[in-house]
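Notes follow once the structure below has been shown.
Only the coordinates and a few stated rules stand behind these numbers; no lab work does. Since we're looking at a predicted model, the values are computed, not measured. Cβ sites come from the backbone with ideal geometry, for glycine too, and all protein chains shown count toward neighbours.
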């Protein structure tokens, strides 16, 4: 395995995901009724594309991501990675959580080393690799800090390189920047885009933010209100890095915001009923 | 630990080391604070001594601080003799009590941490073991004493059994809660990073439960000291509890008080040692606490 800082990062061959009629239901903890989170969702995610999932709260975006990660199993339907069913979590699919999910008892470097060590890499080599990745996101010198000693933005950088270090085929990101402040969020988006352009992994990115979705995505997938289905897929044909103040960006913004608004109103109406 | 002084301090100041662990983690103890802390105990001692001197207390009931210290001194440093149990035996008694606590507590910790974490993590083990733990737990520890003495006789076994049993429960219960509280996302993160499911217990559950483990250990240790006194008064020979009971029978209030302070001292020192260890192992957790 090779870990360069540019270009050589992405060694993974494929990373194509197919979801066929995926259905997932939950039992409501409060009243025991059945909730349909995903009702026969079908979606193809191309290898090396950056796909954002956008939709109103409770539309099943995170459920879909958890199924792709292998944390949850669908009730019916198929989810395939390179033609093979996804059954459990594994290092071919790196997950970046909204709450970072860094191990609080390990320092920053140990957190980045964790997956490398699980792969069987020895201490010295994994330490070198971890330091290289920390340098890539400007966290050199913070190796021995514990997660709680870092800001939210720094923690999310660590969470990102923790999975990039193990070189997964797929990157699954569940509202990763929702908990950081607006300025940091922009910087993290830029950094993520830069890293993605270097590695060209398949990325599935869940977000609430229309701007974030357009800024990052090759294709924006708009989901319907619960039960979750694909409402529309909007390819973003703008050169990167994108200017969020441009007219073209604004047109996408208007188009997608309208799609979302309809769905959000449905959620609101359902809650009021 | 962190030799990265060139780097700007990020969010929270780094927690203290050994020095601070002996007192409160969040503050330095200067001379002024030392003095402030000593005021009330010294005043109380002075009042006690004064009241004894002017004859406010009957010396055969309440000895003066000076006579307590004198008897204590003799108990520690006096010549040993077959006839005088109160002379020169202190160190040996401390050793006996300390040894019983250490052995009983070590057994309780080993069994309690393993059982507690397993019960908290594996549903099968919970279903099988939890009824026993929950069923035996309400029995007061002192209620085990006649049974233990009957089984083990007036020997070490009775005391150690009682101490181990008594400190087992708080340790096990606390570890169970700790394992149950393992954050779901940390387990998912570990699986995603390639940890095999069978290694989750060691990689995630145990470290994540560590604050609860230490909580249980501190409660358990306190109970161990209570039970060593109880069992030494009734079930085994030698030790501070034994000395205390003997002093009672010979109406030596001065020695009863000396034994009480001895126990307080032992409890304090052992608790601080445990706290020191936990501060050491839970350095990652210190910034998360309010105090």
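Based on other C-beta atoms within 10 Å, arrange B:175, A:19, A:59 from fewest to most.
Starting with the residue having the fewest Cβ neighbours, the order is A:19, A:59, B:175.
By per-residue mean of other Cβ atoms within 10 Å, what is the highest-first order of B:214-222, A:265-273, B:72-80?
B:214-222, B:72-80, A:265-273
Let me see the pair-distance distribution of region B:148-212: every alpha carbon pair, 10 Å bin width, integer percents in order.
Pair shares across the bins are 20, 31, 20, 17, 10, 2.
What is the packing order of peptides A:173-182, A:249-258, A:89-98, taking the mean over residues of other C-beta atoms within 10 Å and listing the highest first?
Descending mean neighbour count gives A:89-98, A:173-182, A:249-258.
Indicate, rounded to the nearest 5 percent, the antiparallel portion of the DSSP beta bridges found entirely in region A:17-272.
Close to 50 percent.
Does anyone have the angle between helix A:247-272 and the longest principal axis of chain A? Alpha-carbon axes, 0 to 90°, nearest 10?
60 degrees
So for the pair residue A:44, residue B:92, with labels modelled 7 Å out along Cα→Cβ, what separation do we get in nm?
Inter-label distance under the simple model: 8.9 nm.
What FRET efficiency would be calculated for the residue pair residue A:200, residue A:106, taking the C-beta separation as r and a Förster radius of 35 Å, to the nearest 0.05?
After rounding to 0.05, the efficiency reads 0.75.
Given the DSSP H assignment, sum -39500 (n - 2.57) over each helix run of at least 4 residues in chain A and divide by its residue total; what's the result at 222 nm in deg cm²/dmol, nearest 500?
-11500 deg cm²/dmol
Give me the inter-chain shielding for A:139-150: mean count of other chain Cβ atoms within 10 Å, whole number please.
Mean shielding by partner chains, rounded to a whole number: 5.
Can you give the Kirkwood hydrodynamic radius of region B:90-134 from its Cα pairs, in Å with one decimal?
Hydrodynamic radius (Kirkwood, Cα only) of region B:90-134 equals 12.2 Å.
Given a Förster distance of 60 Å, report the FRET efficiency between residue B:249 and residue B:198 from their Cβ-Cβ distance, rounded to the nearest 0.05.
Computed FRET efficiency for residue B:249 and residue B:198: 0.55.
For region B:29-162, just list the percent of Cα-Cα distances falling in each 5 Å bin from zero outward, please.
With 5 Å bins starting at 0, P(r) equals 2, 8, 9, 10, 10, 12, 12, 11, 10, 8, 5, 2, 1, 0.
For labels at residue B:276 and residue A:186 in the simple 7 Å Cα→Cβ model, what's the distance in nm?
Placing both labels 7 Å beyond Cα along the Cβ direction yields 5.3 nm.
What Kirkwood radius, in Å to one decimal, follows from the Cα pairs of the protein assembly as shown?
In the protein assembly as shown this quantity evaluates to 28.4 Å.
When the convex hull of the Cα atoms of region A:42-151 is projected onto a plane and the area is averaged over all directions, what value comes out in nm²?
Averaged projected hull area, Cα only: 9.1 nm².
Per residue of A:110-123, how many C-beta atoms from partner chains lie within 10 Å of its own C-beta, taken as a mean?
Partner Cβ neighbours, averaged per residue: 2.
Tell me the angle of helix A:123-136 to the major Cα principal axis of chain A, expressed in degrees between 0 and 90 and rounded to the nearest ten.
Here the helix axis deviates by roughly 60 degrees.
Once the cut-off is 29 Å, how many percent of the Cα-Cα pairs in chain B end up in the long-distance tail?
When all Cα pairs of chain B are counted, 52 percent exceed 29 Å.
Å³ per residue of the Cα convex hull, for region A:17-272?
Hull volume over Cα atoms, normalised by residue count, gives 138 Å³.
How far, in nm, would the chain grow between residue A:250 and residue A:230 when pulled straight, counting 0.36 nm per residue and subtracting the alpha carbon separation?
Extra length available between residue A:250 and residue A:230 comes to 4.9 nm.
I'd like the mean, over residues of A:95-105, of how many other protein chain beta carbons sit within 10 Å of each residue's own Cβ.
Per residue, the average neighbour count from other chains is 6.
Hey, what's the Kirkwood Rh for region A:104-180 if you take every pair of different alpha carbons, in angstrom?
About 12.6 Å, per the Kirkwood formula over Cα pairs.
Please compute the length gained on full extension between residue A:261 and residue A:178, using 0.36 nm multiplied by the number of residues separating them and subtracting their Cα-Cα distance.
Additional length available on full extension: 27.9 nm.
Using DSSP, restrict attention to beta bridges with both residues in the protein assembly as shown and report what percent are antiparallel, rounded to the nearest 5.
For the protein assembly as shown, the DSSP antiparallel bridge percentage is about 50.
For the pair residue B:61/residue B:123, report the inter-label distance in nm, with labels modelled 7 Å from Cα in the Cβ direction.
6.4 nm
Express the C-alpha Rg of region B:195-291 as a ratio against the empirical globular expectation 2.2 N^0.38 Å, rounded to two decimals.
1.54
What does the helix-only formula give at 222 nm for chain B: each DSSP H stretch with n ≥ 4 adding -39500 (n - 2.57), the total divided by the residues, and the result rounded to the nearest 500 deg cm²/dmol?
Taking each H run of at least 4 residues, the total per residue is -23000 deg cm²/dmol.
Could you rank the peptides A:61-71, A:121-131 by their average count of other C-beta atoms within 10 Å per residue, with the highest value first?
Top of the packing list down: A:61-71, A:121-131.
How high is the FRET efficiency from residue B:142 to residue A:123, r the C-beta distance, R0 56 Å, rounded to 0.05?
Efficiency, from the Cβ-Cβ distance: 0.65.
P(r) for region A:127-273, please, calculated from all Cα pair distances in 5 Å bins and given in %.
Per 5 Å bin, starting at 0, the Cα pair percentages come out as 2, 8, 17, 19, 18, 14, 10, 7, 4, 1, 0, 0.
Give me the angle, in degrees from 0 to 90, between the Cα long axis of helix B:206-234 and the longest principal axis of the Cα atoms of chain B, rounded to the nearest 10.
Compared with the principal axis, the helix lies near 20 degrees.
Taking the number of other C-beta atoms within 10 Å as the exposure measure, put A:215, B:86, A:26 in order starting with the fewest.
With the fewest neighbours first, A:215, B:86, A:26 line up as A:26, B:86, A:215.
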